[in-house]
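Engineer: The structure's right below; bear with me while I get my questions together.
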Amino acid sequence: MADPVRFDVVDGVAVATIGNPPVNALSAALRAGLFRAVQRAEADPAIRGLVIAAEGRTFIAGADISEFGKPPASPTLAELVAALDGAAKPVVAAIQAAALGGGLEVAMACSWRVIGPRAKLGLPEVKLGLLPGSGGTQRAPRLMGAAAALRLMVVGDPLDAEAAVASGLADTVVAGDLLAAAREWLGRPKPKPVSQRDEGLGSREDFEKEAAALAKRATTEPQVADCIACVRAAFEMPFAEAVAFEREAFLRLLDDPRSKALRHVFFAEREAARIAGLPAGTQPRPVARAAVLGSGTMGAGIAMCFANAGIPVRVIETDEAALARGMERIRGTYESSVKRGSLAPAKRDERLALIEGAVGLDATAEADLVVEAVFEEMGLKKQVFAHLDRVTKPGTILATNTSYLDIDEMAAATSRPQDVLGMHFFSPANVMKLLEVVRGRDTSPEALATAAEIGRKLAKVPVVVGVCYGFVGNRMLSRRTQQAERLLLEGATPEQVDKALVDFGFRMGPFAMSDLAGLDIGWRIRRATGKRAPVADALVEAERLGQKTQKGYYLYPDGARTGVPDSEVTALIRRVAAQEGVEQREIGQAEILDRLVLPMVNEGARILEEGIAARPGDIDVVWLHGYNWPAWRGGPMHYADSVGLLHVVARLAEFAQQTGDDSLLPSPLLARLAAEGGSFAGLKAG
Ligand code: 3HC
Ligand code: NAI
């Protein structure tokens with residue numbers, strides 16, 4: 001492997017140039033290279049100072065996250081930082097791009113930070129459930145003041161070049177030759193190392209105010225409390241003691257399941273972006289114009305996604321009246337963003353100008369990509385696809401937003417099944433990040449790559465999945481929905497079920513969600529598919545449709561947004577349970593949670609067995625971005641690993657026996673992994 005640090009000496013100045021693609025993470029080899037550079041510069045009397053520079057898209061992206069959990073290799077980051085801090089000769093960090101986490105900690109241990117206009121300086125460790133662990137919690141406060149440093153750490157977003165200099169974190173922005181400027185700074189008197197500066201922390205009162213404002217986040221994010229404690233230590237302890245305090249907190253957090261989950265998410269999101277089995281060199285097709293069919297709930301939101309990304313889009317309806325309603329829906333949504341202050345009026349106008357309404361499918365003729373979002377009816381969808389086949393250009397990607405229907409059947413209505421696939425957005429489409437890109441039997445690699453690429457342009461998180469009823473997300477959700485209903489029959493109340501999931505970290509439980517969406521939606525789907533849900537059906541028959549009728553699973557007196565429990569619902573459930581012959585009992589919260597979550601995991605395992613999802617991490621990403629699964633729980637498959645697959649299998653077997661429902665029996669893959677002492681994460685590696 002190429003040495004990640006090049007060492008040159010020119011006119012008495014040593015330059016250590018980092019080149020550790022893709023992002024210059026501080027791997028053991030990079031740390032060793034930088035450590036050697038400091039030693040060589042120190043040892044050679046002909047060298048008067050050292051410049052640390054980097055090539056590539058970042059300066060240094062931070063510690064190498066993939067090394068976390070492995071035995072530490074010397075020199076550690078702390079040792080490297082100490083060597084820079086203690087160097088007798090001056091060292092300049094010449095920062096051309098992002099210096100993040102450990103990367104900024106390295107830079108803060110240098111004498112100066114000379115930065116380019118594209119530089120970004122940040123401490124994003126909090127997003128991984130961590131805190132800066134190599135002196136960052138002590139040096140940042142001394143450079144920019146304790147209150148500002150705490151904000152930088154807890155918010156986790158980097159400062160741009162101008163802001164970094166204004167804050168004191170960097171010394172100067174250089175528009176021209178960064179290396180030449182860095183060399184020039186070496187001519188100045190070497191300042192006291194940051195570790196020896198007692199000034200700069202700012203007022204304790206300002207810090208405590210900031211800490212109090214940020215402490216709210218500490219309830220679910222333990223790292224926030226640790227950030228606060230470490231920065232406070234800067235006021236209260238000598239530097240070395242405070243660094244040891246920080247180190248202890250860092251190591252504790254590194255071992256916390258919440259940080260492990262967030263690190264899993266970091267890698268799972270990046271892996272999901274690589275489409276499994278795509279032939280090397282597959283190129284996405286250019287998409288200059290899009291068309292969206294239908295301007296209902298989904299079509300309107302999807303059209304906005306294109307406009308927000310600067311892509312001209314035609315919204316197509318069956319008649320002028322429906323089109324007018326759809327365009328009004330779009331305008332209304334933009335308008336409320338303007339009112340909230342999250343969208344400038346000029347931006348709204350720019351976006352609206354990219355959306356053009358039309359009537360009739362012939363208006364798709366110029367589109368490079370069509371997203372169909374008409375009613376969820378196979379007959380209609382097939383007609384639409386046959387029509388699109390006749391009128392669109394060769395090579396146009398024909399995508400459907402269907403929630404459940406068979407994409408191969410739609411593709412068969414065209415003469416070009418290779419260009420047909422699913423682009424399954426989630427409601428509200430202009431907000432939710434997930435995009436399930438559904439690969440049909442005949443979908444071509446180019447079509448797939450195009451849909452994923454356009455998904456990223458629309459600021460979505462695309463995950464490629466296969467064809468089956470409900471794809472990955474809704475298929476797993478239906479398992480949870482079934483169990484939630486069944487738990488009511490068995491004696492749990494709607495609020496107990498909702499509370500189990502809210503306490504787990506979801507923003508809302510399934511029944512509060514149903515009340516919000518309207519109970520008639522599920523009822524209509526069940527009617528169409530011949531399914532039943534006795535409690536939900538009885539509520540609809542009692543005209544309890546949710547918030548819109550001020551009563552559903554809960555009561556919403558005077559249009560309240562939060563429901564209150566209703567004894568009528570308890571009585572109704574009891575009656576239905578008696579009719580169904582289900583005996584009621586007290587059910588504890590832990591059992592409720594297992595009943596809701598573990599059947600989803602089981603379905604996820606079946607999805608993997610069938611190859612509907614390529615990797616367990618893809619399923620986790622679906623749940624994080626489509627259903628608000630709490631990130632610090634890592635997604636359902638990671639969660640199963642974290643509680644242990646043996647436990648999962650034992651609980652599922654118990655539930656199957658208790659309820660007589662064989663679909664709860666552990667899937668063969670889950671049973672095998674548990675028996676082998678394996679995990680979903682191990683499956684990925686194997
Ligand atoms: N360690 C290991 N690998 C990393 C990494 C890191 N810190 N940062 C990025 N990578 C890898 C990614 O996994 C990805 O690998 P892949 O191509 O095999 O999937 C590759 O680098 C490219 O990453 P992105 O796709 O994210 O590239 P972008 O250009 O979109 O983004 C970035 C670049 C802004 C640097 C982004 O990768 C990022 O935010 N990285 C993490 C930064 C971070 O959290 N740093 C703090 C680490 S913890 C720390 O430093 C502890 C210290 O205080 C002791
Ligand atoms: P909707 O009923 O709100 O809107 C459908 C729109 O399609 C209507 O405005 C209708 O006039 C229009 N339409 C019907 N036939 C048409 C045709 N031939 N040409 C052009 N327009 C036509 O439906 P919604 O909720 O937007 O759903 C659309 C699709 O998206 C469905 O397949 C649904 O399963 C799927 N979906 C829905 C989600 C949701 O939460 N509502 C989530 C994800 C997918």
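Engineer: Run the paramagnetic zone check for D319: 7 angstrom along Cα to Cβ, then residues of segment 346-369 with backbone nitrogen under 19 Å.
Structural biologist: So the set is 357-363.
Engineer: Now for a different question. Give me the one-decimal nm value for the distance between modelled label points at L665 and E610, 7 Å along each residue's Cα-to-Cβ direction.
Structural biologist: In this crude spin-label approximation the distance works out to 1.8 nm.
Engineer: What is the sum of charges, Lys and Arg at +1 and Asp and Glu at -1, for the other residues whose Cβ falls under 14 Å from the Cβ of M432?
Structural biologist: Numbers: positive: K433, K460, R507; negative: E436.
Local charge sum for M432: +2.
Engineer: Give the share of C-alpha pairs in each 10 angstrom bin for segment 5-255, from 0 to the last occupied bin, in whole percents, shortest bins first.
Structural biologist: For segment 5-255, the pair-distance distribution reads 8, 34, 38, 17, 3, 0.
Engineer: Which FRET efficiency, nearest 0.05, do A675 and E236 yield, Cβ-Cβ r, R0 56 Å? Show your work: numbers first, answer last.
Structural biologist: Details: r = 53 Å, r/R0 = 0.94.
The calculated FRET efficiency here is 0.60.
Engineer: Once the other residues with Cβ under 14 Å from the Cβ of G129 are scored (Lys, Arg +1; Asp, Glu -1), what is the net sum?
Structural biologist: On the way: positive: K127, R217, R252, R258, K260, R263, R633; negative: E125, E221, D226, D255, D256.
Neighbour charge sum, excluding G129 itself: +2.
Engineer: What percent does the relative contact order of segment 5-255 come to when contacts are Cα pairs within less than 8 Å and at least six residues apart? Please report the intermediate quantities before stating the final value.
Structural biologist: Values: 518 pairs, mean separation 45.1, N = 251.
Relative contact order of segment 5-255: 18 percent.
Engineer: A further question on this structure: Put +1 on the Cβ of each Lys and Arg and -1 on the Cβ of each Asp and Glu in the chain; which of F385, L398, A307 then has its Cα farthest toward the positive end of the dipole?
Structural biologist: Most positive-ward Cα: A307.
Engineer: Still on this model: State the percentage of accessible surface on segment 589-682 attributable to carbon and sulfur atoms; use a 1.4 Å probe and exclude ligands, DNA and RNA. Intermediate values should be presented prior to the final figure.
Structural biologist: Working: 1690 of 3140 Å².
Carbon with sulfur: 54 percent of the solvent-accessible area.
Engineer: For segment 383-515, what is the charge dipole size about the Cα centre, in debye to the nearest 20, if Lys and Arg each add +1 at the Cβ and Asp and Glu each add -1 at the Cβ?
Structural biologist: Values: 15 positive and 15 negative charges, 77 e Å.
My answer is approximately 360 debye.
Engineer: Calculate the FRET efficiency for H647 and K499 from the Cβ-Cβ distance with a Förster distance of 22 Å, rounded to the nearest 0.05. Mind showing how you got there, number by number?
Structural biologist: Working: r = 22 Å, r/R0 = 1.00.
Step by step, r from the Cβ atoms, then E = 0.50.
Engineer: Heavy-atom accessible area of I330 with all protein chains present, probe 1.4 Å, nearest 10 Å²?
Structural biologist: In the full protein context, I330 sits at about 0 Å².
Engineer: Which loop-located GluC sites (Glu not before Pro) does segment 1-84 contain, where loop means any DSSP state but H, G, I, E or B and the Cβ has at most 15 other Cβ atoms within 10 Å?
Structural biologist: On the way: sites: E42, E55, E67, E79; in loops: E55.
Counting only loop positions with at most 15 other Cβ atoms within 10 Å, the GluC sites (Glu not before Pro) in segment 1-84 are E55.
Engineer: Let me ask something else about it. Quick check on segment 290-468: of the DSSP beta bridges with both residues there, what percent are antiparallel, nearest 5%? Walk me through the numbers before you get to the answer.
Structural biologist: Working: 4 of 30 bridges.
Of the beta bridges lying entirely in segment 290-468, close to 15 percent run antiparallel.
Engineer: Using 0.36 nm per residue of separation minus the Cα-Cα distance, give me the extension gain between A280 and R197 in nm, one decimal.
Structural biologist: On the way: separation 83, 0.36 × 83 = 29.88 nm, distance 5.33 nm.
The A280-R197 span can extend by a further 24.5 nm.
Engineer: Taking all protein chains as present, what is the carbon and sulfur share of the accessible area of segment 5-255, in % to the nearest whole number, probe 1.4 Å?
Structural biologist: 56
Engineer: I've got another one for you. Over what distance in Å are the Cα centres of segment 89-109 and segment 124-195 separated?
Structural biologist: 8
Engineer: Can you work out the FRET efficiency for the pair T76 and A590, with r the C-beta to C-beta distance and R0 = 51 Å, to the nearest 0.05?
Structural biologist: Values: r = 40 Å, r/R0 = 0.79.
Using R0 = 51 Å, I get an efficiency of 0.80.
Engineer: Please compute the per residue accessible area over segment 589-682 with all protein chains in place, 1.4 Å probe, rounded to a whole number of Å².
Structural biologist: Numbers: 3140 Å² over 94 residues.
On a per-residue basis, segment 589-682 sits at 33 Å².
Engineer: Looking at segment 123-209, which trypsin sites (Lys or Arg not before Pro) are DSSP coil and have at most 16 other C-beta atoms within 10 Å of their C-beta?
Structural biologist: Values: sites: K127, R139, R142, R151, R183, R197, R204, K209; in loops: R197.
Sites meeting the loop and neighbour criteria: R197.
Engineer: Where both residues lie in the chain, what percent of DSSP beta bridges are antiparallel, nearest 5?
Structural biologist: Working: 16 of 64 bridges.
If I count the DSSP bridges inside the chain, around 25 percent turn out antiparallel.
Engineer: May I ask which residue of A500, G522, L539 lies farthest towards the positive end of the charge dipole of segment 492-580, with charges of +1 (Lys, Arg) and -1 (Asp, Glu) on Cβ and the Cα centre as origin?
Structural biologist: Of A500, G522, L539, it is G522.
Engineer: Probe of 1.4 angstrom, ligands and nucleic acids ignored: what's the accessible area per residue over segment 5-255, in square angstrom? Mind dumping the intermediate values first?
Structural biologist: Details: 10070 Å² over 251 residues.
Each residue of segment 5-255 exposes 40 Å² on average to a 1.4 Å probe.
Engineer: Same structure again: Need one value: the accessible area of S478 in square angstrom, 1.4 angstrom probe, rounded to the nearest 10.
Structural biologist: S478 has an accessible surface of roughly 50 Å² with all protein chains in place.
Engineer: Taking N as the number of residues in the chain, what value does Rg over Cα atoms divided by 2.2 N^0.38 Å take?
Structural biologist: Details: Rg = 28.6 Å, N = 686, 2.2 N^0.38 = 26.3 Å.
Cα Rg divided by the expected 2.2 N^0.38 Å: 1.09.
Engineer: Say the dipole of the chain comes from +1 at the beta carbon of Lys and Arg and -1 at that of Asp and Glu; which of L354, P428, G660 then lies farthest toward its positive end?
Structural biologist: Result: L354.
Engineer: Here's something else I'd like to know. Mind listing the Cα extents of segment 492-580 along all three principal axes, in Å, largest one first?
Structural biologist: Each principal axis gives a Cα extent; for segment 492-580 these are 33, 26, 24 Å.
Engineer: Which value, in debye to the nearest 20, gives the size of the charge dipole of the chain about its Cα centre, when Lys and Arg are +1 and Asp and Glu are -1 at the Cβ? Numbers along the way, then the final one.
Structural biologist: On the way: 79 positive and 85 negative charges, 165 e Å.
Here the chain has a charge dipole of around 800 debye.
Engineer: What trypsin sites (Lys or Arg not before Pro) does segment 237-344 have in DSSP loop regions with at most 13 other beta carbons within 10 Å? It would help to have the intermediate numbers written out before the result.
Structural biologist: Values: sites: R247, R252, R258, K260, R263, R270, R274, R289, R314, R325, R329, R331, K339, R340; in loops: R274, R289.
Qualifying residues, ordered by number: R274.
Engineer: Ok, one more. Can you give the calculated 222 nm mean residue ellipticity of the chain, where each DSSP H run of n ≥ 4 adds -39,500 (n - 2.57) and the sum is split over every residue, rounded to the nearest 500 deg cm²/dmol? Please report the intermediate quantities before stating the final value.
Structural biologist: Numbers: 29 runs with 338 residues, N = 686.
Mean residue ellipticity at 222 nm (helix-derived): -15000 deg cm²/dmol.
Engineer: Expressed as a whole number of Å, what is the distance separating the alpha-carbon centroids of segment 374-434 and segment 492-566?
Structural biologist: 30
Engineer: Using the basic label-point model (7 angstrom from Cα toward the beta carbon), what is the A88 to R526 distance in nanometres?
Structural biologist: The answer from the label model is 8.1 nm.
Engineer: Given K127/K347; K433/K457; K382/K460; K127/K260; K382/K433; K381/K433, which pairs have Cα atoms separated by over 18 Å? Intermediate results must be reported in sequence, preceding the final value.
Structural biologist: Details: K127/K347 30 Å; K433/K457 12 Å; K382/K460 27 Å; K127/K260 11 Å; K382/K433 28 Å; K381/K433 25 Å.
Going by Cα-Cα distance, K127/K347; K382/K460; K382/K433; K381/K433 fall outside the 18 Å limit.
Engineer: Further, regarding this structure: Kirkwood hydrodynamic radius for segment 1-119: how many Å is it when counted over pairs of different Cα atoms? Let's see the in-between values first.
Structural biologist: Values: mean 1/r = 0.0716 Å⁻¹.
About 14.0 Å for segment 1-119.
Engineer: Hydropathy at least -0.5 by Kyte-Doolittle, axial extent at least 27 angstrom from the Cα trace: which helices of the chain, defined as entire DSSP H runs, fit? Please report the intermediate quantities before stating the final value.
Structural biologist: On the way: long enough: 320-340 (30 Å, -0.81); 589-609 (30 Å, 0.29).
Membrane-span-like by this criterion, though nothing is claimed about a membrane: 589-609.
Engineer: Only Lys, Arg, Asp and Glu count, each charged at its Cβ (+1, +1, -1, -1), so figure out the dipole size of segment 589-682 about its Cα centre, rounded to 20 debye. Walk me through the intermediate numbers first.
Structural biologist: Numbers: 6 positive and 12 negative charges, 36 e Å.
Approximately 180 debye in magnitude.
Engineer: Which three extents, in angstrom, do the Cα atoms of segment 589-682 have along their principal axes, listed largest first?
Structural biologist: On the principal axes, segment 589-682 reaches 33, 29, 22 Å in Cα extent.
Engineer: Could you work out the Rg to Rh ratio of segment 290-468, with Rh taken as the Kirkwood radius (inverse of the mean 1/r over all Cα pairs)?
Structural biologist: Values: Rg = 15.2 Å, Rh = 16.0 Å.
Dividing the radius of gyration by the Kirkwood radius yields 0.95.
Engineer: Give me the net charge for the shell around A542: Cβ to Cβ below 15 angstrom, other residues only, Lys and Arg +1, Asp and Glu -1.
Structural biologist: Net charge in that neighbourhood comes out at -2.
Engineer: Here's something else I'd like to know. Let me check something: with ligands and nucleic acids excluded, how do V243, V114 order by accessible area (1.4 Å probe), largest to smallest?
Structural biologist: Details: V243 40, V114 0 Å².
The residues order as V243, V114, largest area first.
Engineer: Roll a 1.4 Å probe over the protein heavy atoms and report the accessible area of F235 in Å², nearest 10.
Structural biologist: Approximately 60 Å² of F235 is accessible to the 1.4 Å probe.
The values are calculated or read from the model by the stated rules, or taken from the named source; none is laboratory data. No experiment lies behind these values; they were computed from the predicted model shown. Counting neighbours? That spans all protein chains shown, and the Cβs are built from the backbone with ideal geometry, glycine included. The protein model used for the area step is the full one, side chains on, heavy atoms only, and it has no ligands, DNA or RNA in it. Shrake-Rupley method; radii C 1.70, N 1.55, O 1.52, S 1.80 Å.
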